[in-house]
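The values are calculated or read from the model by the stated rules, or taken from the named source; none is laboratory data. Note that this is a predicted model, so its numbers are computed, not measured. Reconstructed Cβ throughout: ideal geometry from the backbone, glycine too, with neighbour counts over all protein chains shown. Just the protein is used for accessible areas: all its heavy atoms, side chains included, with ligands, DNA and RNA removed. Shrake-Rupley method; radii C 1.70, N 1.55, O 1.52, S 1.80 Å.
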Amino acid sequence: MKPHNIALLPAAGVGSRFGANIPKQYARLLNKPVLQHTIDLFAANPRISQIAVVVSPNDDWFDDCITLPPQAAVYRVGGNSRAESIANGLAYLLRHKIIGETDTVLVHDAARCCLPQTALNRLLDALEQDHENRGAILAIPVADTLKRQTPNAPHIAHTVSREYLWQAQTPQAFQAALLHRALQQTDLAQITDDASAIELLGIQPILVEGDSRNIKLTRPDDARLAAYFLQNPDN
């Protein structure tokens, strides 16, 4: 049986830098919560079999503002960090046989609600050709000049070469059993994304060209740009 593609959306954080009085995934953007936009973009892709949304056990917003499509479900097993929420959610899905070990899990930030379908399909295409099960992530080559700061003050220590540097995005996609093993074997406080846990196993995931529109809502002014991208889709 061909493995299924499962979207896993960690949505247990509070997003304090976004400046809203509620967690940023529930902030309204074009009359819908940010998380609803994110769920809907995966529901619109026929290559995605299931959508698993991981929220905090103490979440008081989800039921009041989110409408789940038939292929989606919410799991109240979120942790204190993004990595913990992913690890908890994945362990729950595997333990209860909601997904299989060979299924592909696409972990995507709940606050990246502008992911174009073209970028998502590029990632899915790369995964179908990944016969070594290395997994793949969306990323874009670094275009700006990078400066490293001195340790004790905001002064330039030196310029960092941007050759071979990519800025990671999500989704980041791996075989369910592989990602589960990687997360179980690492200190979750030390990893900054899912691929970094896979890298610690000595595996080199594939870099797939992402999209500059695939922004993560972090600060209040990000909402205006996200609204523009949602109003002007180019799939």
Accessible-area composition of the chain, carbon plus sulfur, in percent [1.4 Å probe]: 47 percent
Table column - 3J(HN,Hα) (Hz), segment 2-13, Karplus curve with 6.51, -1.76, 1.60, x for Gly and Pro: 5, x, 8, 9, 10, 8, 10, 10, x, 9, 9, x
Radius ratio Rg over Rh of the chain, counting only Cα atoms, Kirkwood formula for Rh: 0.96
Rough spin-label spacing in nm, given labels placed 7 Å along Cα→Cβ, for residue 148 and residue 61: 3.8 nm
FRET efficiency estimate (nearest 0.05) - Cβ-Cβ, residue 158 to residue 91, R0 45 angstrom: 0.60
Local net charge near residue 187, Cβ-Cβ under 15 Å (Lys/Arg +1, Asp/Glu -1): -2
Residue 166 long-range amide H proximity, modeled H, under 5 Å: 142
Residue-normalised accessible area of segment 55-108, given per residue in Å² at a 1.4 Å probe: 51 Å²
Under 21 Å, Cα to Cα: Lys pairs in the chain, sequence gap 8 or more or different chains: 4
Nearest-20 debye value, the chain charge dipole, Cβ charges on Lys, Arg, Asp, Glu: 340 debye
Ellipsoid semi-axes in whole angstrom, largest first, where each is sqrt(5λ) of the Cα gyration tensor of segment 1-100: 23, 17, 10
Segment 111-230: C-alpha gyration tensor shape, a/c 1.5 cut-off, then a/b vs b/c: oblate
Residue-wise HN-Hα coupling along segment 49-57, computed from phi with Karplus coefficients 6.51, -1.76, 1.60 (Hz; x: Gly, Pro): 7, 9, 10, 10, 9, 9, 10, 5, x
Mean separation of Cα contacts under 8 Å (6+ apart) over length of segment 145-235, as relative contact order %: 15 percent
Positive-end residue of 87, 50, 149, charge dipole of segment 1-151 with Cβ unit charges: 149
Residue-normalised accessible area of segment 185-235, given per residue in Å² at a 1.4 Å probe: 63 Å²
Per-residue HN-Hα couplings for segment 106-114 [Karplus 6.51, -1.76, 1.60; θ = phi - 60°; Hz; x = Gly/Pro]: 9, 7, 9, 5, 4, 8, 9, 9, 10
DSSP beta bridges in the chain [antiparallel fraction, %, rounded to 5]: 45 percent
DSSP bridge orientation in segment 129-235 - percent antiparallel, rounded to nearest 5: 70 percent
